[in-house]
Every structure is written in structure tokens, then in C-alpha cells.
Amino acid sequence: MKILGIETSCDDTAMAVIEVQSEKRKVKSGEKIMVSSNIISSQVKLHAKYGGVVPNLAAREHAKNIGHVFDLALEKAGIKNFKKEIDAIAVTRGPGLGPALLVGISFAKTISWIYKKPLIGVNHLEGHIYSNWLPPIGINSNLKFLIFKKEPALNLIVSGGHTELVLMRGIGDYKLIGETLDDAVGEAFDKVARLLGLGYPGGPALAQRASKFKVESSKLKVPILFPRPMIHSKDYNFSFSGLKTAVLYKIRDLKNAGAVLTDSVVNEIAHAFQEAAIDVLITKTIRAARKFNAKSIFLSGGVSANKLLRERLEKAVRKHGLNYSQPPLAYTGDNAAMIAIAGYFNCKKNRRDSLKPVQMDANLTF
Ligand code: KG4
Ligand code: ZN
């Protein structure tokens, strides 16, 4: 089965082709999966001058690029005859920016109608979860699916728009147990990076500056320490906007005291912010896993590219004797291979939306 995935929920126009093959073995049957193409056309340069994604501009760029991205995704996957070779189309229907989502959905509906192919509407966040099952491009690998009816998996989804803890007992069986009450953690990384003059989107740049900080080389009399918002709260929600404000005040206080924001001070602020954000994420994830008796923890979303988060979370999870998975770096950010595989799992479960029209829902949730 070959599935075309389409993703336009934010500022990446992305399309991918995945292939899933069922294998009948003597004892049990298995499946093999391959990502045949994974095209991502980023608009980051366009939005950089506004310091954030402008929805109508994003939609205009998607409309401009989507035909070309479609051609490239098919060409790289070696698809010559769409009608004969592609079995289904999966498209992100939310959450995301309304005008941007509509471009991908309209395109998907058009080709689904022309080629008479089933169309599957996918939750973008469900896509992030399933990025954990994607092998590197061009590699045919066994698709191992864990059954965790009695032993749920806990997903920590961290991106520019979301910070969620989602309990999962199987395909389509999700329960949102915690989320951010204000800024998403990726958004906080981006805003703090902006305060420090590190450009947009600043998450990766901020992480890089944080990694350069060495405690012993700090020139400040008192080490910088930021609060860990909601770390002791009984629920599983997060809050990152206060942490961002704490950084703003720290910069103001340092400047008022005559300090200059040298590279070394910027590195120290970046480090202290990253420590605080990651500490809260890990502490609450582990606590939630214990409370809900989760046997596995899966990380996903754009911020799952963060090296320190990957290392620290894996260590904490293993310490508690749980299974751990994080997506390959190629699939941490927005991509369409994750939408295609989420479409495949939904199809398998007969959760396909092909019979009812796929509807855009900018606020789609679990
Ligand atoms: O999932 P994603 O690509 O898009 C959304 O659905 O939001 O996530 C993008 C977010 C941005 O906020 C970006 O700064 C952040 O992921 N990000 C990082 C890193 N790489 C990307 N944040 C921290 N450290 C990183 N290495
Ligand atoms: Zn995303």
C-alpha cells in the first residue's frame, strides 16, 4: 500500500510517499514500512522578518509551492502513474493555521476526486506521535507496533504550538492528561531567543548557545537560575509564559546594573532557560507516567530535536525501567511522512474519513 501524505498546517509545505507491505510469515504476519520520499519546502525566511508565522502569507506560499512539492514527492518516490500506484491520500486537517490548512486540504480533495482515491483526514499531533515509527528514508524496515491496552504509553508532544501529555492505549485511543496553559515550550524557546537577539525561529540557535555555556567560566557573581513554573502542581499542565517573562526581567536587571550582554552572558541565560524548561518537562512527564502506570514514554514534536531534552528524558525514563522512543531527527519537525503513517494506522483501524468529507478544524484536539 502506497500513501501520499500532505502537510500544510504551519509554515512548511510538505509531501511524502510511504509504502507499507504486509508479509505473511509462518507464525505471525508482519508489516514492512519504507519512506520513499519526504519533501519539505520551508517558508522560514519569509516569516523571519515578522518574528512569527503570518497565516495569510503562509497560505499564499503553500498555494504557490504545493504543485511543485507534489511533483517532487512523486518523482523522488519513483511514482510514474499516480492512479495506478498510489492507494490513498492522507492530509492534515488540524490543528494549525486555518488558511494554511485549507490549501493542503483543498489540494488533497482535488487529487482524491480526480484520481478516485480515499482521503484520510489526520490530526497533526497524532502525526507527531507516529513519527516514532518512521525509519530513515529509503530503508525498508519492520513496522513494530506495540499493543499497550493494559500498559498505556505516555506521549510528550512538544512543538511551537503545543505542549501536551497524551496517554495512548492503542491506535485512535488517546487521552489528553495535561497541556500548556499559555505558551507552548517551542514558542518560549523562540521568544527567549528573540529577547537574546538570536533570530527566528530561535529554538535551535538558543539550544546551541546554551551548549556553549560552562559553569566555571561564568563571569557573573550570582549564577542565573530561573523558576520552574508549575513543577509542583498536582495536575499535569504546564506554563511557560512566566519563564519567558523571568528571562525578560533578568535581561533588564542585568542591563540596569551596567552589565553588557556579552556572548558569555547570552550563553548563560540560554543555558539557565533551557535547564528550567527541560526540568519541568521531564519532572512532570515522569510523574504522569507513574500516576497512570505507563510502561512506555514517547517523545515527539519540533522541540524533540533538542539534544539535551533527548538525552535527559531518555536517562530519566530508563532509570524508571520504562520503554523509551524518540523520533529520528529527520522527523522531529513538521513533515508529511508522519501524516502518511498516521493515515495508514487510521486506515488499518477503519478510522478513515474517506466516507465523510474531510473537514478542516484549526483547533482539533484529542
Ligand atoms: O513541530 P514543529 O516543527 O512545528 C509546530 O508544529 O509547531 O515545531 C517547531 C518548534 C519551534 O518552536 C522551534 O524553535 C522548536 O520546535 N525547535 C527547537 C529545537 N529545534 C526546533 N526547540 C529547542 N531546541 C531545538 N533544538
Ligand atoms: Zn508540528
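The values are calculated or read from the model by the stated rules, or taken from the named source; none is laboratory data. Computed from a predicted model, the values in this text were never measured in an experiment. Glycine gets a Cβ as well: all are built from the backbone with ideal geometry, and neighbour counts include every protein chain shown. Only protein heavy atoms, including side chains, enter the accessible area calculation; ligands, DNA and RNA are left aside. Shrake-Rupley method; radii C 1.70, N 1.55, O 1.52, S 1.80 Å.
A few notes on this one:
- Segment 231-353: Rg to Rh, with Rh as the Kirkwood radius over Cα pairs: 1.08
- Simple spin-label estimate for GLU23 and PHE292 gives 3.2 nm between the two label positions (7 Å along the Cα-to-Cβ direction from each Cα).
- Here the relative contact order of the chain, from alpha carbon pairs under 8 Å that lie six or more residues apart, stands at 25 percent.
- R0 of 51 Å, Cβ-Cβ distance SER264-LYS84: FRET efficiency to nearest 0.05: 0.25
- Solution diffusion estimate, µm²/s, Stokes-Einstein, the chain, Kirkwood Rh from C-alpha pairs, 25 °C, viscosity 0.890 mPa s: 115
- Candidate aspartates and glutamates for bridging to LYS116, where Cα separation is under 12 Å - those fewer than 8 sequence places away on the same chain excluded: ASP87
- The apolar share of the surface of the chain, taken as the fraction of accessible area on carbon and sulfur atoms (1.4 Å probe, ligands and nucleic acids excluded), comes to 54 percent.
- Tilt relative to the chain, helix 55-76 - C-alpha long axis, 0 to 90 degrees, to 10: 50
- Using alpha-carbon coordinates, inclination of helix 185-195 to the longest axis of the chain, degrees: 50
- The stretch between LYS307 and LEU220, if pulled fully straight at 0.36 nm per residue, gains 28.7 nm over its current Cα-Cα span.
- Take every pair of alpha-carbon atoms less than 8 Å apart whose residues are at least six positions apart; their mean separation over the length of segment 87-209 yields a relative contact order of 15 percent.
- Stretchable slack from ASN350 to THR245, in nm (0.36 nm times residue separation minus alpha-carbon distance): 33.2 nm
- Separation between Cα centres of segment 150-171 and segment 260-311, rounded to whole Å: 16
- Accessible area in square angstrom per residue, segment 14-111, 1.4 angstrom probe: 49
- In sequence order, calculated HN-Hα J values of segment 215-220 (Karplus, 6.51, -1.76, 1.60; Hz; x Gly/Pro): 3, 5, 9, 5, 9, 7
- Inter-label distance, nm, simple model (7 Å from Cα along the C-beta direction), LYS109/LEU176: 2.4
- Translational D in µm²/s for segment 27-177 (Stokes-Einstein at 4 °C, 1.567 mPa s, Kirkwood Rh from C-alpha pairs): 73
- Too-long pairs where the Cα-Cα distance tops 18 Å, listed order kept, from LYS191/LYS244; LYS214/LYS255; LYS175/LYS295; LYS32/LYS109; LYS291/LYS319; LYS214/LYS319: LYS214/LYS255; LYS32/LYS109; LYS214/LYS319
- Surface/4 estimate of mean projected area, convex hull on alpha-carbon atoms of segment 153-326, nm²: 9.9
- Per residue, in Å², the accessible surface of segment 262-366 once ligands and nucleic acids are set aside, probe 1.4 Å: 42
- Distances between placed amide hydrogens fall under 5 Å for LEU196 paired with no residue 5 or more residues away or on another chain.
- Percent breakdown of C-alpha pair distances by 5 Å bin, ordered from the shortest bin, for segment 195-265: 3, 12, 19, 25, 21, 11, 6, 2, 0
- Dimensionless Rg/Rh of segment 1-116 - Kirkwood Rh, Rg from C-alpha atoms: 1.06
- With a cut-off of 10 Å between beta carbons, the residues surrounding LEU329 carry a summed charge of +2, where Lys and Arg count +1 and Asp and Glu -1.
- A Gaussian network model of the chain, with springs between Cα atoms under 10 Å, assigns the largest mean-square fluctuation among PHE82, PHE238, PHE226 to PHE82.
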